[in-house]
Every structure is written in C-alpha cells, then in structure tokens.
1. Could you give the distance between the Cα centres of the range 115-133 and the range 1-67, to the whole Å?
2. Give a residue-ordered list of calculated ³J(HN,Hα) values for the range 21-33 (Karplus: 6.51 cos²θ - 1.76 cosθ + 1.60, θ = phi - 60°; whole Hz; x for Gly, Pro).
3. Pull up all non-local amide H partners of SER90: gap of 5 or more, or a different chain, and H-to-H distance under 5 Å with H placed in the peptide plane.
4. Report relative contact order for the chain in percent, whole number only (criteria: Cα-Cα under 8 Å, sequence separation at least 6).
5. Tell me, what ³J(HN,Hα) does each residue in the range 126-135 have, in order and in whole Hz, if you take phi through Karplus 6.51 cos²θ - 1.76 cosθ + 1.60 with θ = phi - 60° and put x for Gly and Pro?
6. For a quick protection proxy, order the peptides 51-57, 81-87 by their average other-Cβ count within 10 Å, most packed first.
7. Specify which residue in the list ALA95, ALA63, LEU125 is farthest towards the positive end of the charge dipole of the chain, using unit charges on the beta carbon of Lys, Arg (+1) and Asp, Glu (-1), about the Cα centre.
8. Å³ per residue of the Cα convex hull, for the chain?
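What follows is calculated from the coordinates using simple rules that are stated; it is not laboratory data. Please read these numbers as outputs of a predicted model, since none were measured by experiment. Here Cβ is always computed from backbone atoms with ideal geometry, including for glycine, and neighbour counts include all displayed protein chains.
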Amino acid sequence: MSDHLEGGCLCGEIRYQITGEPFEVYHCHCTICRRAAAGAFITWVGVSTDDVNFIQGATKIYASSADGRRGFCPTCGAQISFVFESDPASIYFTAATLDDAEAVTPACHGFTGETVRWLHIDDGLPEHSGNLPSVDRKIARVTERGNERGAS
C-alpha cells in the first residue's frame, strides 16, 4: 500500500482518506451485504477509525441490523462504509469506492454459506461459512471489555 488510500462515492460528494494499513480485506457474501451492495458480494477494507479522514461530505447512516451501521452517500446512494456496533474503533470501507481498488488484495471470503448459487468461487482464497474468525474474535474482545466495564 502507498502512504495512504483515497476513495469516494459515485457522484463525488463523499471523499475519504485512509492513512493506516488495513487490518482486513475480504469478500462478504451475507444476505444483508449483498442487498446493500446490490451485487453478488461486497469487498470490505477494515481499518482503525483513527486512520480515517472524511475529507469531503458526510455519509447518511443506516442501521442495517442490530449488529451494524452502514454509511451511504445521501445524494447518489453509494454504500461507503460499515461499522460494527460492538467495535466502533474500526470501520470497513467498500473496496469498490477506493480510487485504486487494486491497491488492496482480499484475503478470504466470509459468509459463503449465503453465497448465491449461481456464483462459483474458484479463486483459491480461504472460505468461511459464517463470519471471519478474526472478525468474530475482534468483536468478542470488544464486547468482553464492555462487559468488564459494566461489571465494575
């Protein structure tokens, strides 16, 4: 990766910059992501919120489930981001909104148990029938810390 990544929506109203190294890049095949992306799957780039600057515009937030919030451009409707409710210190950007989507390389597939049957995955990347184990561990650690704070 170069020293930073930039991206934005279709109409140009939203622009963002990522200054840190992504901790996760993967394809998600879950039903909610497919519907939000209007596609067979979506590719996510996970980064720390400390490494993100929205340099133009502001996303409209939609709570797509009890687990997370999606950021969309209020003008063109392009999906830009996702934040897990249990991990507000991380944000996932749609790789397709990067100015150079080839600057990142997906490492695996998540929620392949929900893949549309007409899509055949043959890229050799690891496949997970549910969430990625690394994402589940990260969410569990954050939830655990929150529970510890609530108990004190």
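1. First find each Cα centre; the distance between them is then 20 Å.
2. 6, x, 8, 7, 9, 7, 8, 10, 10, 5, 4, 5, 5
3. Under 5 Å from the amide H of SER90 lie the amide H atoms of THR49, each far enough along the sequence or on another chain.
4. Relative contact order for the chain comes out at 25 percent.
5. With the stated coefficients, the range 126-135 comes to x, 10, 10, 5, x, 5, 5, x, 5, 5 Hz.
6. With the highest mean Cβ count within 10 Å placed first, the list reads 81-87, 51-57.
7. Sorting the options by dipole projection puts first ALA63.
8. Working: hull volume 18.0 nm³, N = 152.
Per-residue hull volume (Cα only) is 118 Å³.
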